[in-house]
């Protein structure tokens with residue numbers, strides 16, 4: 001399975017589907033199903049059975065919430081020009097006290113700036 005290049009907290013834009021063109025922040029990432037949940041995108045209405053909490057308040061009814069969307073249908077937004085871009089990784093090695101430290105940095109393909 002390929003590694004997902006989108007992480008929680010990234011700003012992404014929807015490329016296909018009913019919410020095409022919308023941008024939002026990634027709330028959750030599921031690496032097993034290759035799906036991401038984006039804030040304000042792919043909203044669905046769920047019918048929740050009525051119940052009662054321990055304090056006595058009523059729960060249930062219609063709830064509108066975000067549903068997961070496949071990772072191939074979203075792209076990370078470039079921080080410089082706010083347009084969708086692909087992601088590549090740049091490997092930086094630093095040497096300190098005789099030790100080499102390797103750091104992987106995510107970079108926007110469009111502008112070359114760090115994400």
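Pairs of C-alpha atoms in segment 11-73 farther apart than 20 Å represent 40 percent of all such pairs. Counted residue by residue at 0.36 nm each, then reduced by the alpha carbon distance between them, the extension gain from residue 105 to residue 72 reaches 9.8 nm.
How fast does segment 57-107 diffuse by Stokes-Einstein, in µm²/s, taking the Kirkwood radius from C-alpha pairs at 37 °C and 0.692 mPa s? For these conditions, the coefficient is 209 µm²/s.
Each of residue 43 and residue 27 was given a label point 7 Å from its Cα along the Cα-to-Cβ line. The distance between the two points is 1.1 nm.
Across the chain, Cα pairs under 8 Å and at least six residues apart give a relative contact order of 19 percent. Take the Cα radius of gyration of the chain and divide it by 2.2 N^0.38 Å, N being the number of residues; the result is 1.45.
Here, each number is a calculation from the coordinates, and none is a lab measurement. Because the structure is a prediction, the values reported are computed rather than measured. Cβ: placed from backbone, ideal geometry, glycine included. Neighbour counts: every protein chain shown.
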